[in-house]
Every structure is written in structure tokens, then in C-alpha cells.
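One structure is given below, encoded as C-alpha cells.
The values are calculated or read from the model by the stated rules, or taken from the named source; none is laboratory data. Bear in mind the structure is a predicted one, so any value in this text is a computation, not a measurement. Note that each Cβ is placed from the backbone with ideal geometry, even for glycine, and that neighbours are counted across all protein chains shown. For the accessible areas, the whole protein counts, side chains as well, though only heavy atoms, and no ligand, DNA or RNA atoms are used. Shrake-Rupley method; radii C 1.70, N 1.55, O 1.52, S 1.80 Å.
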Amino acid sequence: MKVRFEKSEQAAEHIRTFYFSPVDPAAKVHQVAGQFIELRIPHDHKDSRGDKRWYTLSSSPTEDLLAITTKFAPENGSSFKTALRALPPGTEVDMAAPMGDFVLPKDASIPLVFVAGGIGATPFRSMVRFVHDSGEDRNITVIYAANSLAEVAFRNTFQTLGDTFTTVIGDRLTPGKILDAAGRDNSYVYLSGPEPMVEALQQSLKDAGLNKRRIQTDFFPGYTHI
């Protein structure tokens, strides 16, 4: 579908949110909180990484605008992100329909532990906002690992709308911290972040005895560190 770029705003240090609206006002966007889209931005002098990217929607289906949130490298960024950052308001670009199954469980009574590594917080922002706006009664704990407090995005959303919000700065996120939050009940643990982090935590949690059915994962290719 064609979408129109509306605006962008700083979400945290090196992190920015970009807002879009369907060009066709009658278009119905079928989004489930936590899903992702593909965004295409044609641009001159594109590098080997091309003109398309996958992004999780950080916006909730309850909000008027579609939003993506991404991290920018201090240097040697891609031509795609350079073009994204330079988009003039009103520019029309192509966005694929939302897809993916990293979404909330249908059973709202299941306690949830959301573990975000860096920009992996985007699906959790969508889910937490949706739960609040739709009036669902869910128990949600958010654990956010970042390089510094300045790089913690959506802090106000998580502090205000989540049940428990904890930040872990640097490399101090351990399986033990996650297990302490999950307890030994029926909590589901959702892991989202750079692929190496997600894979390592998933295996560590399994080794610690957490049933693999209680672990949901989503990783962000191209990122190796939080």
C-alpha cells in the first residue's frame, strides 16, 4: 500500500520514530500489535543493502498513524537510513501490509515478561499501548537492556502503562534476572533484540529449565549489539 510520511521525532539517543498514514483514507490496515512491515524508499546512490527494510511497527492498532522506530549509527550508516531521515513530509512510499506472529497470546490471563535488547523494544511498545487502549487486563513486566539510559526508548510509555518496568544498562542482563521476573508460574517470556542476544538468552533459559513453549522470540537482523 502507499503511505504518506507525516513527521518524525526523537525517541531516544540515536533512535528516531517515523510516522506514516495511508494515502487512501479509506484503506483498512489490518494490524495486530507486535507485527512488522516492509518499507521501500527508492533513492539515488543506494548501497548494496538496497532500498527495502523490515521494521516492526512501534505503533498500536489503536493509534491513528503507523509508526516505525529505528536506530541510527553515529557513522557509516546505510543509504536507506540516510534517505529515510531525509524524507520530506508528504512523501509517498510503499509499505507492505503488517505480518508476523510475534503477538500477544489469546489468553489474557497469562503473565507476560517482555525482554527487549535495544531497538527490540518496538514490538513491546505496540503491545503495551494496545493493551492499555483496549482495556485488556494483562500482567506485563518489561525488562529493557540498553547501552545507557539515554538510549532507552518509550520509557514514559513503559513506566506509565506497564505493570513493572526495569532497565538493565550495559551487559548485565542475565537469564537469572529474566527467570526471577517470570517466576515458576505460567509466565510467557518474549525476547526481542539483536539476533545473537536473542539466541543466547533463549538457549540459556532452556538450559535453566524454562519450557520452550513459554518462550517467544523475535530478532532484528543487522544488529549485533544492543
| task | Can you tell me which residue within region 71-95, out of those that are assigned to a strand (DSSP E or B) and charged (D, E, K, R), is most open to solvent (accessible area, probe 1.4 Å)? | result | GLU92
| said: For region 17-31, give me each residue that is of a type outside the set (Phe, Trp, Tyr), open to solvent by less than 70 Å² (accessible area, probe 1.4 Å) and under 20 Å from the mean Cα position of the chain (by Cα). | reply: THR17, SER21, VAL29, GLN31
| message | Which residue is nearest to TYR55 (Cα to Cα), if the candidates are limited to region 1-42 and must be touching a Ser or Thr at 6+ places or on another chain (Cβ under 9 Å) and polar (S, T, N, Q)? | response | GLN35
| Hey, LEU191 among the aliphatic types (A, V, I, L, M), at pLDDT below 95 and either surrounded by 12 or more Cβ atoms within 10 Å (Cβ to Cβ) or part of a helix (DSSP H, G or I) (or both) or not | no
| task | Test HIS14 against the criterion of being open to solvent by 10 Å² or more (accessible area, probe 1.4 Å) and closer than 18 Å to THR122 by Cβ, and give yes or no. | result | yes
| field | Output for region 50-70, where each listed residue is open to solvent by 40 Å² or more (accessible area, probe 1.4 Å) and in a strand (DSSP E or B) | value | LYS52, ARG53, TRP54
| Residues of region 1-54 satisfying the condition of being of a type in the set (A, V, I, L, M, F, W, C), free of Cβ contacts under 8 Å to residues at least 40 places away in the same chain and more than 30 Å from LYS106 (Cα to Cα) | none
